[in-house]
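In what follows, a single structure is set out as structure tokens and then discussed.
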Amino acid sequence: MDMTPKEIETALTSGTLHIAVVGTGRIGLPTAVLFANAGAKVTACDIDPKVVTCITNDENYIDEPGLEPLFHQAIQSGHLTASLDTAKTTSASDVIILSVPTPVTDEKVPMYDYILSAAEDTGKGLQRGALVVVESTIGPGTLETQIIPVIEKASGLTAGKEFLAASCPERADPGSIITRFRSIPRIIGGNTQQAAEVAAAIYRPLAEQIMIVPDPKTANAVKLTENIFRDVNIALMSELAILYERLGISIFDVIEGAATKWNFIPHYPGAGVGGPCLPANAYYIIGEGNRVGYVPYLVRMSREINDRMPHELVRHTMEALNRAGKSLNGAKVALLGLTYKPAVADVQKSPALLIIRELVDRGAHLRLCDPVLGGTVFCDCEVTPNPLKAVKGADCVLLVTAHEEFKHLTLADIAAKAKSPLVLVDGRAVYHKHPKPKDIIYQGIGLPPA
Ligand code: SAJ
């Protein structure tokens with residue numbers, strides 16, 4: 001793409017630049033929509049015919065705040081179309097953005113099959129001078145050592161000379177992907193300086209700030225480091241939470257105090273760390289560490305600590321029921337919150353999955369409640385959106401995800417419906433500052449028994 005950054009921006013906003021977005025899930029679709037509304041001609045490529053049909057029929061399929069109207073605008077402007085044929089699409093594209101899933105297997109090994117297959121399809125149609133951008137989360141060096149060779153083999157073109165490649169990892173926060181799209185700075189690493197500058201010109205209309213780093217592996221390390229930083233700090237707070245419980249100290253009071261210091265960044269322990277990102281990202285780094293003979297112990301231990309937290313919550317549940325003279329076996333347990341984080345209808349690697357499995361294995365009878373999953377079936381159980389319906393006649397109420405709807409309830413509201421004494425186990429410290437009715441057994445992660 002022998003255009004100056006200014007010419008690229010003009011071509012993009014005037015609709016003469018063609019962009020293919022390969023993989024149109026929670027990250028790819030908003031990206032395609034925003035580039036289309038910025039003026040580019042965008043083709044969304046996906047292997048799922050249902051997704052292509054939805055886009056073609058102007059039916060939004062991603063529940064993300066603010067996306068719906070922008071989606072219809074992009075389709076109705078004619079700037080966004082869809083295709084099952086990535087190779088054919090890339091043959092008419094100046095820029096190809098890869099945003100397919102890069103999950104981690106049950107053996108905790110990064111699985112790059114989808115992105116390598118998308119890279120091969122991209123290579124089959126790739127035009128000389130085109131730019132390939134990887135937004136998917138990958139291990140540092142994966143673009144250079146695995147993805148580029150696949151594209152070169154499929155296209156017969158040489159990276160750096162005949163096509164450009166860059167990493168621009170997505171940093172979107174599910175639940176605020178649209179609202180924060182422009183304000184989250186983009187990190188770009190090109191396989192050449194030209195690739196980085198061209199990619200920066202492409203993203204400039206959609207990003208308030210762009211930072212070019214030396215190379216793609218550095219850009220991917222930035223993405224992983226910010227997520228692992230979060231995972232490790234959550235693990236530290238979780239470990240301290242369990243220790244302080246035994247000292248009769250609430251970690252939440254401690255965090256509130258520590259946060260008065262400018263350089264303390266609060267992270268919170270809880271029922272566990274879920275979602276498609278944090279539980280997986282550490283293993284991209286651990287994988288690279290194994291390859292080069294250096295095991296990042298802290299990163300690995302933090303994963304183990306965070307993976308243990310769902311069990312910690314079940315331990316609290318058994319303890320609390322025992323304090324009421326009851327056992328978990330046969331108890332009616334109302335579980336509040338199934339999604340991996342509040343307000344996002346996503347249960348990927350949600351702590352609730354492990355908690356439910358252990359509760360059922362220990363003989364509990366469950367009532368499931370989630371305001372964003374109402375009417376669905378989860379773990380063979382009907383989900384009610386109404387918490388007061390779920391807690392009715394319950395021996396124990398267990399809070400797993402801190403949805404807003406639960407925060408508006410008082411303990412008196414819950415106590416009025418559940419069996420007395422109310423046994424409430426709080427996996428997100430939602431009620432630790434609420435006035436406690438006299439006949440309550442209340443405890444939870446980081447909350448010494450009250
Ligand atoms: N969690 C805690 N304690 C905390 C913060 C979060 O237990 O103090 C738990 C949440 O309940 C949830 C999990 O961790 O189960 C992940 O929560 P999250 O807020 O990190 O949400 P994600 O995974 O949707 O988004 C993260 C974000 N990363 C960072 O903020 C560094 C987002 O910006 C990334 O774009 C996203 O990962 C991603 O795609 O990688």
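Only helices enter this figure: runs of n ≥ 4 DSSP H residues, each worth -39500 (n - 2.57), summed and divided by the residues of the chain, yield -12500 deg cm²/dmol at 222 nm to the nearest 500. When the residues 406, 229 are ordered by accessible surface, computed with a 1.4 Å probe over the protein chains alone, the sequence from largest down reads 229, 406. Note on residue 322 and residue 77: the model spin-label points, each 7 Å out from Cα along the C-beta direction, lie 6.2 nm apart.
Given a Förster distance of 35 angstrom, what is the FRET efficiency for residue 294 paired with residue 180, based on the Cβ-Cβ distance and rounded to 0.05? Could you put the intermediate results ahead of the total?
On the way: r = 34 Å, r/R0 = 0.98.
With a Förster radius of 35 Å, E is 0.55.
When the Cα positions of 305, 200, 102 are compared along the charge dipole of the chain, 305 comes out farthest toward the positive end, with charges on each C-beta of Lys, Arg, Asp and Glu.
Subtracting the Cα-Cα distance of residue 47 and residue 229 from their residue separation scaled by 0.36 nm leaves 62.2 nm. Positive end of the dipole of the chain (Cβ unit charges, origin at the Cα centre): among 156, 55, 233, the Cα lying farthest that way belongs to 233. Measuring nothing but alpha carbons in the chain and taking Rh as the Kirkwood radius, the Rg to Rh ratio lands at 1.03. Taking amide H as placed 1.01 Å from N in the peptide plane, residue 104 has its amide H under 5 Å from the amide H of 111, each at least 5 places away in sequence or on another chain.
Does the stretch 288-355 come out rounded, prolate or oblate by the C-alpha gyration tensor, with a ≥ b ≥ c the root eigenvalues, rounded set by a/c under 1.5 and, if not, prolate when a/b is larger than b/c and oblate if not? Taking the square roots of the gyration eigenvalues as a ≥ b ≥ c, the stretch 288-355 is oblate. Annotation: the antiparallel percentage among DSSP beta bridges lying fully within the chain is about 10. Relative to the longest principal axis of the Cα atoms of the chain, helix 67-76 runs at roughly 30 degrees. Express the carbon and sulfur contribution to the solvent-accessible surface of the chain as a percent, rounded to the nearest whole number, probe 1.4 angstrom. Within the chain, the accessible surface is 56 percent carbon and sulfur.
One decimal place: the segment residue 264-residue 105 gains 53.8 nm when fully extended, by the rule 0.36 nm per residue minus the C-alpha distance. Taken about its Cα centre, the chain carries a charge dipole of about 1180 debye when Lys and Arg each add +1 at the Cβ and Asp and Glu each add -1 at the Cβ.
The dipole here belongs to the stretch 406-448: it is taken about the Cα centre, uses +1 on the Cβ of Lys and Arg and -1 on the Cβ of Asp and Glu, and is about 60 debye. Listed by chain and number, the lysines whose C-alpha is less than 21 Å from the C-alpha of residue 161, apart from same-chain residues fewer than 8 away, are 124, 153, 217. A simple spin-label model places the labels of residue 438 and residue 240 3.7 nm from each other, with each point 7 Å out along Cα-to-Cβ. For the peptides 256-267, 127-138, the ranking by mean Cβ contacts within 10 Å, running from highest to lowest, is 127-138, 256-267. Label-to-label distance, residue 146 versus residue 84, with points set 7 angstrom from Cα along the beta-carbon direction: 2.7 nm. Highest mean packing first, where packing is the average number of other Cβ atoms within 10 Å per residue, the peptides 217-226, 285-294, 60-69 line up as 217-226, 60-69, 285-294. The string of couplings for the stretch 323-335 from the Karplus curve (6.51, -1.76, 1.60, θ = phi - 60°) is 5, 9, x, 10, 10, 5, 4, x, 6, 8, 10, 8, 9 Hz, one whole number per residue in order, with x for Gly and Pro. Taking 18 Å as the cut-off, the amide N atoms of the stretch 336-364 that come nearer than this to a point 7 Å along the Cα-to-beta-carbon line of residue 382 belong to 336-337. The residues packed around residue 202, meaning those with a beta-carbon under 14 Å from its beta-carbon, carry a net charge of -1 if Lys and Arg are +1 and Asp and Glu are -1. Only the Cβ atoms of Lys and Arg (+1) and of Asp and Glu (-1) were treated as charged; on that basis the dipole of the stretch 206-364 about its Cα centre amounts to roughly 380 debye.
Between beta-carbons, use under 12 Å as the cut-off and find the net charge around residue 115, counting Lys and Arg +1, Asp and Glu -1. Let's see the in-between values first.
Working: positive: none; negative: 113, 120, 121, 135.
Spelling it out: positives minus negatives among the neighbours equals -4.
In the complete set of protein chains, residue-level accessible area for residue 349 is approximately 100 Å², probe 1.4 angstrom. Taking a straight Cα-Cα cut-off under 19 Å and skipping sequence neighbours fewer than 8 places away in the same chain, the lysines within cross-link reach of residue 349 are 108, 341.
Partner aspartates and glutamates whose Cα lies under 19 Å from the Cα of residue 392, excluding those fewer than 8 positions away in the same chain, are identified as 370, 382, 405, 413, 426, 439. Using only the Cα atoms of the stretch 9-168, build the gyration tensor, take square roots of its eigenvalues as a ≥ b ≥ c, and label the shape rounded, prolate or oblate: rounded if a/c is under 1.5, else prolate if a/b is larger than b/c, else oblate. It is oblate, given that a/c is not under 1.5 and a/b is not larger than b/c.
The values are calculated or read from the model by the stated rules, or taken from the named source; none is laboratory data. Note that the structure is predicted; figures quoted are calculated from it, not measured. Cβ atoms come from the backbone with ideal geometry, glycine included; neighbour counts cover every protein chain shown. Just so you know, the surface numbers come from the protein's heavy atoms only, side chains and all, with ligands and any DNA or RNA stripped out. Shrake-Rupley method; radii C 1.70, N 1.55, O 1.52, S 1.80 Å.
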